[in-house]
Structures are given as structure tokens and as C-alpha cells.
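The next block holds one structure in the form of C-alpha cells; read it before the comments.
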Amino acid sequence: MHETRSVPHSPAKASDLLVDALEAEGVEYVFAVPGEENLDLLESLRTSKIELVLTRHEQGAAFMAATYGRLTGKAGVCMATLGPGATNFATPAAYAHLGGMPLIMITGQKPIKKSKQGRFQIIDVVGLFEPICKMSKQIVHGNTIPALIREAFRTAEEERPGAVLLELPEDIAAEETDASVIPPHPRHYAVAGDEVLNEAAEMIRSARMPLLLLGAGANRRKARSALCGFTDLIQIPFFNTQMGKGVVDERSDLFLGTAALSDGDYLHCAIERADLIINVGHDVVEKPPFFMEEGGTKVIHVNYKAAQVDQVYFPQLEVVGDLAQSITRLGKMLGGPLDFDRSYFQRIKQETEKHLSNRAGDARFPVIPQRLVADTRKVMDDCDIIALDNGIYKIWYARNYKAYDSNTVLLDNALATMGAGLSSAMMAAKLNPGRRVMAICGDGGFMMNSQELETAVRLGLNLVVTVLNDSSYGMIRWKQSHAGFADWGLEFGNPDFVQYANSYGATGHRIERTEDLVPTFEKAFAAGGVHLIDVPVDYSENQRVLIDELAEKVCLI
């Protein structure tokens, strides 16, 4: 049990004031690998109601905090020391910055008023993080802490969300201050005006073959209900980007697919035929599923912020404001099902479904991606969560795995970093103890932060970690082959993953027949705790299906 500490009377230690400010913001966890420069802050956390989650690497701490922000909309908080501790936050900072995840990083520093350390471990952390953060500042006096914490949370959480870094030198953390906490206040987004909504409604009524595109921004701030209502009301076909998966149930008859490939898929044929695209939650960090041309398909941009215009994206109309309210009001203006021509889109859907189901029951071993995705979907319920690391399997899951609810497919199509999948799944499991959660990692990405298995076991999480084993950097190996280069330089050896998992107190399993996949998944989930499943995988289908087969069949409808 934590000790209960009342709001301090002045004067108080600055680190106590900082923790009080975090509590006022509703912070539940601080994910950390502390150093000696954090000891005052660590002591202040000891008597706080905030839970300290100790991880085995700073990346693990910050990836967990970023995923907390992604899933809750509230900034996740992580802590590290100066120098190498801080620099290990760089990749997760970029992950949150590009992925639109609210994240606050607190790093330590040597004393700034008087120091006898010379330049030992000292680099310009604040300057280093400025390009990959929305805000990066050093705390130079205890009295500035309340305002800086309030501004940090506002900046991290407001659209578009992202990362903030605060550096707390150890002498500032230890000094006394008479400042008081600034309580947070509710934030409301402006609502798009009637004039622009009426113009959008008229463009939609005039369209014959419109499509609705759901991007990353649509997966934030509980826009699902509004978007489900809108698609059902006007019966508009829709598709999504990888980070827009699950906003509207992909079992819908109106769903045409996920833009998992940049081009050359059945979905791109539908996009080419559309005369209007309503682009909801567009985010420039994702590879665009379409390019605009002068005199081509019209685009309505619906988002919290104005469009970032470039040579291939210059929407004719922008509906800027609270996304859910904009969509709800637009639906009311349209009133009901519209007389669209959906016949071509339905043929595209039928061909896509046929292609995605092909070889889903293939019993070859090692396991092929189609069977792996199909068997994963069999064991996961509507609200269960898969968290993907980065590799070629991410394309297969984005394209073949249907998401039924928001944020049930956690993937990174922004920074696309390896090493985040396990930590992301751990956070999802901690926040959702009643759901099944599965991390899906390549052997390369898994080994980058595999030590967090110990953290998962220590936290008592229920989590299945599926490691796809091909003893190589498979995505790059495929690209190497596609480019016509020799198969060279990308293979490695792996540990015995079963023994490796067992050594951390998890339970290891090895798949030796494809038909054992589903029973092993079910057994692991039923047992509870942390399980690692070593799955030998065969990626020879990449070229045949994603390149050769699509090139032969697509857009011949």
C-alpha cells in the first residue's frame, strides 16, 4: 500500500511538488529506469498514489507510456536518468511524435547551479529532443514546475498528440519551493460551422461513387460511435489506413479493405473509380493510399486540424473541428441512405474477400502468413487486442486480419520501429485485464527488447507473445530479393525461445505442426500468465501473393 501524502504546505521540496502536479493531472503510472539524478523524484513517488512500473530498458518504459497515451488519450509518463538514459528515449519519442501518441518524458540532469562533475555524462538533451517533440524544456526553478507540468500535458494531449520532454536537474529537484499546483481544466474542440458542413453535404449528395477513408486520427477521442452511425446512415462504402483499422467494424458489407500496400491492390482500383473521397482523420505520417491530381477525384478533409497541403494532397473542402461532432452533424444534414452507385465497389469487395481467404487453411509447415493470420483471428474475440512489432507480417495482418473494434490492432505505420511490439502489448494487457492480448513479433524485433518479458512476468500480466521465427530480417530479405540482389547478409541465429521464456518465469511453447497453432493459443490464454510461442514461419508467399498474383488479377474486373 502507498502512503497517503496530503497536498504540501509551503515550502515543499520541488520533487514533491512535481509529483503532486502529476497526481492532479490524473497520472496512474510512471514507467521508469531511474538513475542517481532521479533519486529525489523517486523518493517523492514512493509516497504517492502513482504506481511506479520499473522496466528493464528505457525504451520499454517509454513504449509502454506512449501506448498508454494511445489507448487512453491521456499522456503516459516515463522517467530516465541523464545521458545514456535520456538518449534511449529518442526512438520512443519519435514513435510517439509520428504516431500521434501523448507522451511525457522526465529525464534527470547534473546540478545546474553548482557542479563539480565537469562534463561527465552531460549532453544537450533538451536540444537533442526538440526536433522529435512538441515541447522540450529544462526545469530551472522549482516555482516553474506547476506551469510547466500543466503546459506539458496540454501540449502532449491536444491534437495532434505527441511527445514532450522535461529535464529535471537534481539540484532543482531537491530545492524548496512555495508554488502551488495548477489544476487541469476541461478542453473542448471547436465545432465546424454550418456553412462548411452544408457544402460538404452537397458535395456528397452530388457524388455517384464516393468512398469514406478512415485514417489514424479517426482512431482517437472516441469517434467510433459517430463514424459507425454515419456509414450505416448514408450507406457509404469505406476503407481505412493501417492505423485506422477497427474504427468501424470491418465485417460490414460496406468495408472494402485496408490500404496495407501502397498501390497495386484491389482496393486501389476502387479508389481510382471514386469521384469523391471523404478523408476522415488523415495523417501525413502514413503512406498515402491515393495521390491527388488536378481535375481528378475530389476530396473532403475532415479532421481536428487543417490539411497539410502538398503536391499530392490538396483537398477541395476542409471540415475542421471536433471530428465526432462534425461527422454526426453531417449525417443529420444528409438524413439517410443516398442513391450511390455501389455495384463496382461490391465486385471489388467480392474479389478481395476471395483473395484474402485463399490458402487460409493451408497446413504447410513452417506456417505461411495466410494461415497464421486466420488462426489468430479464430482465437481473438471482438474486443481482444493484437499488438504488432514491425516486419513483413505487419502487412499480412493489416491486409488479412479484420478488426472489429477501435484500437484492437495496435501497429506502428508511422515511425515503423522494431522493438516496440512487446511493450505495447504489455501496456494493453495491463489496461485491459479482461481481454485477450497477443504480441506478434518477428524474431529480429522481439530480441531488441525481449528482456521486458521479465517485466511482464513481474507485473503479473496475462499475455501471449507470438514470435515468428525465420532466423533473419525477413522484410529486408524480401525487399533484397525483389530488387534482384543476392540473398546475403541478413540471416542470424536465435536462442532457444522456449528455454529463454522459461528462464524469465514465463512459459515457452514451440509449434511443430501447423494444426497445433489454435490449440496452443487457446491453451496459453486459458492458463493465464505470460506465454511465448515460437512459430517457425515461411515467407515464400510474399512474392507470389503480394507482387505476382496481384499484378495478374487487380483491376481486371
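Since every read-out is calculated from the coordinates, none of them should be taken as a lab result. Owing to the predicted nature of the structure, the values given are computational and were not obtained by experimental measurement. Here the Cβ is made from the backbone with ideal geometry for all residues, glycine too, and neighbour counts use every protein chain on show.
A few comments on the model shown:
- Derived scalar couplings between HN and Hα for the stretch 386-397 equal 10, 10, 9, 7, 10, x, 4, 4, 4, 5, 4, 5 Hz in order, rounded to whole Hz, by the Karplus curve 6.51 cos²θ - 1.76 cosθ + 1.60 (θ = phi - 60°), x for Gly and Pro.
- Spin-label pair Q316/D263, simplified geometry with 7 Å Cα→Cβ offset, distance in nm: 2.3 nm
- Once both labels are positioned 7 Å from their Cα atoms along Cα-to-Cβ, the gap between E353 and D339 label points is 2.7 nm.
- Structural descriptor for the chain: relative contact order 13 percent, calculated from alpha carbon pairs under 8 angstrom and at least 6 residues apart.
- Derived scalar couplings ³J(HN,Hα) [the stretch 445-454; Karplus, 6.51 cos²θ - 1.76 cosθ + 1.60; whole Hz; x for Gly, Pro]: x, 4, 6, 6, 9, 5, 4, 6, 4, 4
- Convex hull volume per residue for the stretch 12-177, taking Cα atoms only, in Å³: 91 Å³
- The Cβ shell under 13 Å around F291 holds other residues with a net charge of -4, Lys and Arg each +1, Asp and Glu each -1.
- Taking 7 Å steps out from each Cα toward its Cβ at E158 and I182 produces label points 1.2 nm apart.
- Sorting L22, L52, L556 by the number of Cβ atoms found within 10 Å of their own Cβ, with the fewest placed first, yields L556, L52, L22.
- The calculated FRET efficiency for the pair D275 and F485, based on their C-beta separation and a Förster distance of 51 Å, comes to about 0.75.
- For peptides 149-159, 406-416, sequence by mean Cβ density within 10 Å, most packed first: 406-416, 149-159
- Taking amide H atoms as placed 1.01 Å from N in the peptide plane, the amide H of V53 lies under 5 Å from those of V30, F31, A32, each 5 or more residues away in sequence or on another chain.
- Its alpha carbons give the chain an Rg and a Dmax of 24.6, 76 Å.
- Under 5 Å, built H, 5+ apart or other chain: amide partners of M135: L165
- Applying 1/(1 + (r/R0)^6) with R0 = 56 Å to the Cβ-Cβ distance of E199 and I123 gives a FRET efficiency near 0.60.
- Evaluating 6.51 cos²θ - 1.76 cosθ + 1.60 at θ = phi - 60° for every residue in the stretch 476-486, the Karplus couplings come out as 6, 5, 5, 4, 4, 5, 4, 7, x, 8, 5 Hz, glycine and proline recorded as x.
- Cross-link reach list, lysines versus K49, counting only Cα pairs under 29 Å and skipping chain neighbours closer than eight places: K13, K74, K110, K134, K137, K222, K430
- Farthest positive-ward along the chain dipole, Cα basis, beta-carbon charges - from L411, L267, F521: F521
- Taking the convex hull of the alpha carbon positions in the stretch 243-381 and averaging its projected area over all directions gives 10.6 nm².
- Reachable lysines from K523, criterion Cα separation under 16 angstrom, eight or more residues apart if same chain: K378
- Around the amide H of L463, modelled in the peptide plane, lie the amide H atoms of G529, V530, H531, all under 5 Å away and 5 or more residues distant in sequence or on another chain.
- Peptides 96-108, 213-225, 507-519 ordered by packing proxy, namely the average of other Cβ atoms within 10 Å per residue, highest first: 96-108, 213-225, 507-519.
- Set of the stretch 249-269 residues, backbone N closer than 17 Å to the point 7 Å along the Cα-Cβ line of C555: 259-269
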